[in-house]
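Q: The structure under discussion is supplied below as structure tokens; questions concerning it will follow.
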Amino acid sequence: MKKVGFLVLIGIALVGTLFATGRSDTAASNVAQDLIYAVEAEPAGLDPCLNTAFSSTRVIRQMYSRLLDTDKNLDFVPDLATRWEQGPGNTYTFYLRRGVKFHNGRELVASDVVYSYERMKDPNLGSVARAYFTKVDKIEAVDNYTVKFTLSSPDAVFLMYTTSTYAAIVPREVVEANGNLNNVVCGTGPFRFKEYIPGNRVVLEKNPDYFIPGEPRLNTLTYAIMPDESARLNALRTGAIHLTTLAPTNVPLVKNNRDIVVMDYLSPNYDYMGFNLNAAPFNDVRVRQAISLLIDRKEIVSAIYDGYAEVTGPVPVSMGKWAVSVANNEFYTPNVDRAKALLRDAGYPNGFDMKITAGITKYTSDEAQLIVSQLAKGGIRAEIVMMETAQYVAAWRAASAANSTLQTMMGMNGGGSDPDRSIGLFFQSESSTNVWGYKNSRIDQLVDAGRIETDFNKRYAIYKEAQEIILKELPNLFTVTAKNFFFARSNVVGYIAETYYSENFTGVSLK
């Protein structure tokens, strides 16, 4: 257990010290296993229960363990629990590894799991994980290595929630001694906290007691805080850092550099155009279908993302087994004549004027610009309304309000790791994030059914039907899922860039 030091130093003055290691031209047998990963933002805090920013969770995940984890295919794999079983009466039993140690040297036992989940569920804590486990009625330590959960009703998403970073297992005595874990780190993960210099770096060191033999292979993992993308690229080129994320526009800049490897993977997010369904003409499905037929998604892929994206539906294509193919969807192939016919049928033979709100990301704002020209082919005259982030978020939240002036909005949604988020969170009638005013009783039924069905084939059929309905009624127009990129020095071995498996540094070494 170590305190986080909040020593305020000017980051620029420390760059020389920070980047003193990591040269790829060192002989393999003498290479220090000290990996430097340049990131664009520093953590907002380190308590796994309280911090949702990715800049925090990417670091937290290295130091804490959960009951379960997922592989790149979103299949469950062991973490602290070596096996688990579902029993009668909506019960789940987890069998823990023996001999797992917290970073303070104490063995993790079942009572730590009970405490951690009760802490998550405490309304006074304000953890985002509380909403995940509302159906958990009782948590029992059957013995030191067995934990039993009793749920109030079936919950098909329960196991997936146990893989969340927010559901990390923590030691009671450390929390009680410090109030929370924002300034103290004590987990069971592969790395321990070493130091944090705000504005410059977070350094983690190898946990010699990690429960997977031989892991981690790295001695230290340093998060170098470098908000400027060009600075990260230059540091990568010189070998001052080993790994970073960069925009796809940087791919051609390193194309012929044999010392740099580019790894791409599909984002778990997707871009979309949302409609205010309480406002004419967007409350007419024929208008929404016409707009979809005028939008050329393949042109968005090539013109906005330089080919580094894939056309997607409401469950992002990156979710693999849960996403339906949209390749042959009748509203995804551009067809100006059919679009004009639908507009005539809806009472708009000469098109209409509309506004597209944009501004949340550069890419979706650029998409809006392109879509303006695409809509013009069908006689629709679109104007873009650019908003700052706070103004944009407020307009999104109030989209279905009676006094809302919003018509359409370009945005980006996170698909999560379960189809319930993509369908239930955004399209169930009473969901707080269904801001579009979309109501469909069949979708509501399917969402309810999907949340309790634990058989994969039956659950897949439920979400397949839901996606097909949404792709016909189009409360949102789904455009693309972009690719993200890791840029690494060629001496980084074993790093895997996958949608649901990135940011994992076990199995990683330097040569």
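The values are calculated or read from the model by the stated rules, or taken from the named source; none is laboratory data. Remember, predicted model here, so these are calculated numbers, not experimental data. For neighbour counting, all protein chains shown are included, and Cβ atoms are generated from backbone atoms with ideal geometry for every residue, glycine included.
Q: Can you find a residue in region 155-171 that is surrounded by fewer than 17 Cβ atoms within 10 Å (Cβ to Cβ) and either assigned by TED's automatic domain parsing to the domain that holds R106 or within 25 Å of S502 (Cα to Cα) (or both)? Explain how you work it out, then say what you get.
A: Residues of region 155-171 that are surrounded by fewer than 17 Cβ atoms within 10 Å (Cβ to Cβ), as a first pass: none.
No, region 155-171 contains no residue that is surrounded by fewer than 17 Cβ atoms within 10 Å (Cβ to Cβ) and either assigned by TED's automatic domain parsing to the domain that holds R106 or within 25 Å of S502 (Cα to Cα) (or both).
Q: Sticking with this one: Give the residues of region 343-386 that are more than 20 Å from V301 (Cα to Cα), touching an Asp or Glu at 6+ places or on another chain (Cβ under 9 Å) and of a type in the set (A, V, I, L, M), sorted by residue number.
A: A346, M354, I380, A382 - these are the residues of region 343-386 that are more than 20 Å from V301 (Cα to Cα), touching an Asp or Glu at 6+ places or on another chain (Cβ under 9 Å) and of a type in the set (A, V, I, L, M).
Q: Another question, then. For region 181-233, which positions are among the hydroxyl-bearing types (S, T, Y), farther than 19 Å from R489 by Cβ and touching a strand residue (DSSP E or B) at 6+ places or on another chain (Cβ under 6 Å)?
A: Quick first cut of region 181-233, residues among the hydroxyl-bearing types (S, T, Y) only: 188, 196, 210, 220, 222-223, 230.
Going one step further and asking which of them are farther than 19 Å from R489 by Cβ, we end up with 188, 196, 210.
Y196 - this is the single residue of region 181-233 that is among the hydroxyl-bearing types (S, T, Y), farther than 19 Å from R489 by Cβ and touching a strand residue (DSSP E or B) at 6+ places or on another chain (Cβ under 6 Å).
Q: Kindly list the number of the only condition in (1) modelled with pLDDT under 95; (2) surrounded by 15 or more Cβ atoms within 10 Å (Cβ to Cβ); (3) among the β-branched types (V, I, T) that fails for I60.
A: Going through the list (1) modelled with pLDDT under 95; (2) surrounded by 15 or more Cβ atoms within 10 Å (Cβ to Cβ); (3) among the β-branched types (V, I, T), I60 breaks only (1).
Q: Can Y463 be described as among the hydroxyl-bearing types (S, T, Y), farther than 30 Å from L375 by Cα and modelled with pLDDT under 95?
A: Values: among the hydroxyl-bearing types (S, T, Y): yes; farther than 30 Å from L375 by Cα: yes; modelled with pLDDT under 95: no.
Against the criterion (among the hydroxyl-bearing types (S, T, Y), farther than 30 Å from L375 by Cα and modelled with pLDDT under 95), Y463 does not qualify.
Q: What number of residues within region 468-511 are under 13 Å from M263 (Cα atoms) and without any contact (Cβ under 8 Å) to a residue 60 or more places away in the chain?
A: 1
Q: Oh, and also: If A488 meets every condition in (1) surrounded by fewer than 18 Cβ atoms within 10 Å (Cβ to Cβ); (2) among the small types (G, A, S); (3) within 25 Å of Y223 (Cα to Cα) apart from one, which number is that one?
A: Evaluating A488 over (1) surrounded by fewer than 18 Cβ atoms within 10 Å (Cβ to Cβ); (2) among the small types (G, A, S); (3) within 25 Å of Y223 (Cα to Cα) leaves (1) as the failure.
To keep it simple, each residue is scored yes or no on (1) surrounded by 23 or more Cβ atoms within 10 Å (Cβ to Cβ); (2) in contact with a strand residue (DSSP E or B) (Cβ under 6 Å, 6 or more places away or on another chain); (3) not hydroxyl-bearing (S, T, Y).
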{"site": "V287", "(1), (2), (3)": "yes, no, yes"}
{"site": "I291", "(1), (2), (3)": "yes, no, yes"}
{"site": "K298", "(1), (2), (3)": "no, no, yes"}
{"site": "A303", "(1), (2), (3)": "no, no, yes"}
{"site": "A309", "(1), (2), (3)": "yes, yes, yes"}
{"site": "G320", "(1), (2), (3)": "no, no, yes"}
{"site": "S325", "(1), (2), (3)": "no, no, no"}
{"site": "N328", "(1), (2), (3)": "no, no, yes"}
{"site": "F331", "(1), (2), (3)": "no, no, yes"}
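Q: Within region 417-454, can you find the residues that are modelled with pLDDT of 95 or more, aliphatic (A, V, I, L, M) and within 26 Å of D75 (Cβ to Cβ)?
A: Those that are modelled with pLDDT of 95 or more, aliphatic (A, V, I, L, M) and within 26 Å of D75 (Cβ to Cβ): I423, L446, V447, A449.
Q: Still on this model: Quick one: in region 397-410, which of the residues that are surrounded by 20 or more Cβ atoms within 10 Å (Cβ to Cβ) and of a type outside the set (S, T, Y) is modelled with the lowest pLDDT? Walk me through how you get there before you give the answer.
A: First, the residues of region 397-410 that are surrounded by 20 or more Cβ atoms within 10 Å (Cβ to Cβ): 399, 406-410.
Next cut, of a type outside the set (S, T, Y) only: 399, 406-407, 409-410.
Values: A399: 88, L406: 93, Q407: 96, M409: 95, M410: 96.
Per the stated criteria, the residue is A399.
Q: Related question: Could you check region 71-88 and list, in sequence order, the residues that are of a type outside the set (D, E, K, R) and either part of a loop (DSSP other than H, G, I, E, B) or in the same structural domain as T222 (by TED's automatic domain parsing) (or both)? Steps first, please.
A: As a first pass, look at region 71-88 and keep what is of a type outside the set (D, E, K, R): 73-74, 76-78, 80-82, 84, 86-88.
Listed by number, the residues that qualify are N73, L74, L80, P88.
Q: Go through region 449-499 residue by residue and tally those that are among the charged types (D, E, K, R), part of a loop (DSSP other than H, G, I, E, B) and over 30 Å from P248 (Cα atoms).
A: 3
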